[in-house]
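The values are calculated or read from the model by the stated rules, or taken from the named source; none is laboratory data. Just so it is clear, the model here is predicted, and its values are computed rather than measured. Every residue, glycine among them, receives a Cβ derived from its backbone with ideal geometry; neighbour counts consider all protein chains shown.
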Amino acid sequence: MALDCGTMFAKYLLCFFNFVFFAAGGAVLALSIWLAVDNTSFLLLTRVSDNESLQEFNHPSVMEHGAYVLIVAGGLVFLIGFLGCCGAAMESRTLLTLYGLMIIIIFVLEVTAGALAAVYKTEAKQELQNFLKHTLKKYYSTPDQANSVTVAWNAVMSELQCCGVNNYTDFEQATLWQANKSSNALVPEACCKLEGDPRNFVPKDASCPSRPSDENSYYLTGCLSRLHENTFYYLTPMLSVAICLGTLQLILITLSFYMCRAISKALKSVQCDEDGQPMDMVFWKSPRVATVD
């Protein structure tokens, strides 16, 4: 099909961007399926299990939950990349329309989520607090009984230098931790000021878990306030990334529907024979034989 220069440029741009999405999504999807099916061989090959600072993240439940999240994310990116790349390469209005509609849906969901977060930020903070307290109370445990929630909480507390949702008293309601901790422990090791790599959870002061203080721990600093501070600190970079992503999505939406329109015009401009049928529909007809009066 003959397309003008502008449409060809749009075609190549769509092919390029969506091939990148297709390849990246396919790679993430393949690795996440491998991780979900056989995480032991994955860890051995990548040698993640040799890194002491990542030992806690090797827990089966953590690997399994992470793999499922990556399968969904990778599958979505893979599908979008496939529709965009194949639709542009094959000049298919159907595939390009599906691609454009999927990008529009994602864009609308992103804008809606941002608007709701801005309008209901107070309610969102309260819901986040309730959610964090629920996970701490029901699922947080000791390192030897670690699950995915425990791993996540320990990582957050060590990296943000905080303790519990509001402070160390939140652990009084942590059922699993209370059942499995040493008898005199008041706070987990992750609440303490740590020695060396913070992901190793080695307190500088060995007495910290049983006798926490301002000098050896962050036992009075809640993670909710730390999360709030970090959100404002990284607000500008996050907005910049969101604007760039939204702009790219709008460009891809515009290119896909621009190309659909150009393909429709090209189809309508196909020359018709004298019976009013497109030339590509009558190629099988034998030529008329001229008669002499």
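See the values below:
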item: Residues satisfying the stated conditions in the stretch 8-26, i.e. under 18 Å from residue 260 (Cβ atoms), touching a residue at least 60 places away in the same chain (Cβ under 8 Å) and of a type in the set (A, V, I, L, M); result: 10, 13, 14
item: Residue 214 at pLDDT 90 or above, more than 30 Å from residue 113 (Cβ to Cβ) and over 35 Å from the mean Cα position of the chain (by Cα); result: yes
item: Residues of the stretch 91-112 satisfying the condition of being over 24 Å from residue 267 (Cβ atoms) and touching a residue at least 60 places away in the same chain (Cβ under 8 Å); result: 106, 107, 110, 111
item: Residue check, residue 186 in a loop (DSSP other than H, G, I, E, B) and free of Cβ contacts under 8 Å to residues at least 60 places away in the same chain; result: yes
item: Number of positions in the stretch 123-152 that are over 22 Å from the mean Cα position of the chain (by Cα) and buried (at least 17 other Cβ atoms within 10 Å of the Cβ); result: 8
item: Test result for residue 252, part of a helix (DSSP H, G or I) and farther than 24 Å from residue 133 by Cβ; result: yes
item: The lone exception for residue 165 - which of (1) of a type outside the set (S, T, N, Q); (2) farther than 20 Å from residue 63 by Cα; (3) assigned to a helix (DSSP H, G or I) it fails; result: (3)
item: Filtered residue count, the stretch 85-122, keeping only those that are part of a helix (DSSP H, G or I), more than 30 Å from residue 25 (Cα to Cα) and within 24 Å of the chain's Cα centre (by Cα); result: 3
item: Residue ID - farthest from residue 179 (Cα to Cα), chosen from residues in the stretch 128-151 that are among the hydrophobic types (A, V, I, L, M, F, W, C) and touching a helix residue (DSSP H, G or I) at 6+ places or on another chain (Cβ under 8 Å); result: 128
item: Residue list for the stretch 156-166, restricted to those being surrounded by fewer than 17 Cβ atoms within 10 Å (Cβ to Cβ) and aliphatic (A, V, I, L, M); result: 156
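Rundown of residues vs (1) out of contact with any strand residue (DSSP E or B) (no Cβ under 9 Å at 6 or more places or on another chain); (2) in the same structural domain as residue 133 (by TED's automatic domain parsing); (3) surrounded by 14 or more Cβ atoms within 10 Å (Cβ to Cβ), yes/no style:
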site	(1), (2), (3)
172	yes, yes, no
187	no, yes, yes
196	yes, yes, no
200	no, yes, yes
208	no, yes, yes
221	yes, yes, yes
